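Novice: Got a structure for you, questions after.
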Amino acid sequence: LVSDWSSDVCSSDLKWVDGSGLSRYNLISPQDFVAVLEKMKNEFNWNRITAILASGGDGTLGSYYKNYAGKIYAKTGTLNNNVALSGYIITHKGKQFIFSVMVNNHQASASSIRRAVEKFITGIIDKN
């Protein structure tokens, strides 16, 4: 089922080893995550999506995006030296964007990388 669905949406380079997302052998690009999120947006009710994903100051985003509750709905991902954030943002002008940011093999602390990603994402929300 997963392979049928993912081949319909994602790139041919996608490699999904386990369902937990924790395997280092999973090979999923930011473009693949955006494609999955686009499919979710088209097939699921928006209320269902926002109920599943954390918003600013909530859940895994509890220490981040505190002034952006209701403006970001996203899922975090973290492994040693790897940080990811994928989801939806709603700008101050009401535009909705789907995004995926992955920072791989970084040498800084995960929290400093998350803060840099937060600055990038909130900049998009504020300026659009």
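Novice: Percent of accessible area on the chain owned by carbon and sulfur, 1.4 Å probe?
Specialist: Answer for the chain: carbon and sulfur cover 53 percent of the accessible area.
Novice: Can you send over the solvent-accessible area of Asp18, 1.4 Å probe, protein chains only, in Å² to the nearest 10?
Specialist: Rounded to the nearest 10, the figure is 50 Å².
Novice: Residue-wise, which Karplus ³J(HN,Hα) couplings in Hz belong to the range 34-50, taking 6.51 cos²θ - 1.76 cosθ + 1.60, θ = phi - 60°, and x for glycine or proline?
Specialist: These are the phi-based 3J(HN,Hα) values: 4, 5, 5, 5, 5, 4, 4, 4, 7, 10, 10, 5, 4, 4, 5, 4, 5 Hz.
Novice: Something else about it: Per residue, how large is the accessible surface of the range 47-103? Use a 1.4 angstrom probe and give square angstrom.
Specialist: Details: 2820 Å² over 57 residues.
For the range 47-103, the solvent-accessible area averages 50 Å² per residue.
Novice: I'd like the FRET efficiency for Trp46 and Trp16, computed as 1/(1 + (r/R0)^6) with the beta carbon distance as r and R0 of 22 Å, rounded to 0.05. Show your work: numbers first, answer last.
Specialist: Values: r = 26 Å, r/R0 = 1.18.
Computed FRET efficiency for Trp46 and Trp16 comes out at 0.25.
Novice: Now for a different question. Rounded to whole Å and sorted largest first, list the principal axis extents of the Cα atoms in the chain.
Specialist: So the three principal-axis extents are 38, 38, 23 Å.
Novice: Take the cross-link list Lys15/Lys95; Lys39/Lys66; Lys41/Lys127; Lys41/Lys75 and give me the ones stretching past 21 Å between alpha-carbons. Mind dumping the intermediate values first?
Specialist: Working: Lys15/Lys95 32 Å; Lys39/Lys66 27 Å; Lys41/Lys127 23 Å; Lys41/Lys75 15 Å.
In this structure, Lys15/Lys95; Lys39/Lys66; Lys41/Lys127 exceed 21 Å between Cα atoms.
Novice: Ordering Glu118, Glu38 by how much accessible area each has at a 1.4 Å probe, largest first, what is the list?
Specialist: The most accessible residue leads, giving Glu38, Glu118.
Novice: Could you give P(r) for the range 69-128, binned at 10 Å from zero, as whole percent values over all Cα-Cα pairs?
Specialist: 23, 52, 22, 3
Novice: Can you give the calculated 222 nm mean residue ellipticity of the chain, where each DSSP H run of n ≥ 4 adds -39,500 (n - 2.57) and the sum is split over every residue, rounded to the nearest 500 deg cm²/dmol?
Specialist: Helices in the chain give a 222 nm mean residue ellipticity of -11500 deg cm²/dmol.
The values are calculated or read from the model by the stated rules, or taken from the named source; none is laboratory data. As the structure is a prediction and not an experimental result, all values here were calculated from the model. For neighbour counting, all protein chains shown are included, and Cβ atoms are generated from backbone atoms with ideal geometry for every residue, glycine included. Accessible surface is based on the protein model in full, side chains and every heavy atom, while ligands, DNA and RNA are left aside. Shrake-Rupley method; radii C 1.70, N 1.55, O 1.52, S 1.80 Å.
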